1. At 7 Å along the Cα-to-beta-carbon direction for both Gln124 and Val9, put a label point, then send me their distance in nm to one decimal.
2. So for the chain, taking the charge dipole from beta-carbon charges (+1 Lys/Arg, -1 Asp/Glu), which of Ala108, Val39, Gly7 sits furthest toward the positive end?
3. Using Cα springs under 10 Å in a Gaussian network model of the chain, which residue among Val53, Val39, Val93 shows the largest mean-square fluctuation?
4. So what is the calculated 222 nm ellipticity per residue for the chain, using -39500 (n - 2.57) for each DSSP H run with n of 4 or more, over all residues, to the nearest 500 deg cm²/dmol?
5. Three principal axis extents, largest first, for the C-alpha atoms of the chain, in Å?
6. Quick one: angle between helix 100-113 and the longest Cα principal axis of the chain, in degrees between 0 and 90, rounded to 10, please.
7. If you count the DSSP beta bridges with both ends in the chain, what percent of them are antiparallel, to the nearest 5?
8. With label points built 7 Å along Cα→Cβ from the Cα atoms of Asp78 and Gln52, find their separation and express it in nm.
Amino acid sequence: MKLNINGSVRDVEVESDTPLLWVIREHVGLTGTKYGCGVAQCGACSVHINDQVQRSCSVRVGDVKATDRIVTIEGLADNSSHPVQKAWAAIDVPQCGYCQSGQIMSAAVLLKDKPKPTDEDIDQAMSGNICRCGTYQRIRRAIHRAAEISAGAGHSQEKVAQ
């Protein structure tokens, strides 16, 4: 089957019930998307499919169409230049860092939908992402900072052509 991942069409030969997460990591070799729980509860495996956050551990590759646009953390922006990635570094959000790619992918969609989110907007949008280190306050600050960066730069939210 064919998958459009980060703007490149990839041919993959897998069973249709294979989770998209394993195709991304094991067959395509993009390891930024992490396995956390396997039941779509923690958010570590979050990717964008057609501009929506999806848990790749629970998406069967057979349910993804060749025309669907999949974006992983590697495809979010060149050189970690997305406002969320810049803010994450500026605020020094990660401790262990394991959940961060999923957190960043969720935050990017939030800012695309709500360029000036309130604390309540952030808490609601990020509630499905678990951080075992408890960096939630820094995550919130980084999202506010990313909104400021976006507003000042008029930054395109994804490098992948829409």
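1. Result: 3.9 nm between the two label points.
2. Positive-end residue among those listed: Ala108.
3. Sorting by GNM fluctuation, first place goes to Val39.
4. The helix contribution divided over the chain gives -9500 deg cm²/dmol.
5. 42, 32, 24
6. Approximately 70 degrees, to the nearest ten.
7. Numbers: 11 of 13 bridges.
Close to 85 percent.
8. Result: 3.1 nm between the two label points.
Only the coordinates and a few stated rules stand behind these numbers; no lab work does. As the structure is a prediction and not an experimental result, all values here were calculated from the model. Here the Cβ is made from the backbone with ideal geometry for all residues, glycine too, and neighbour counts use every protein chain on show.
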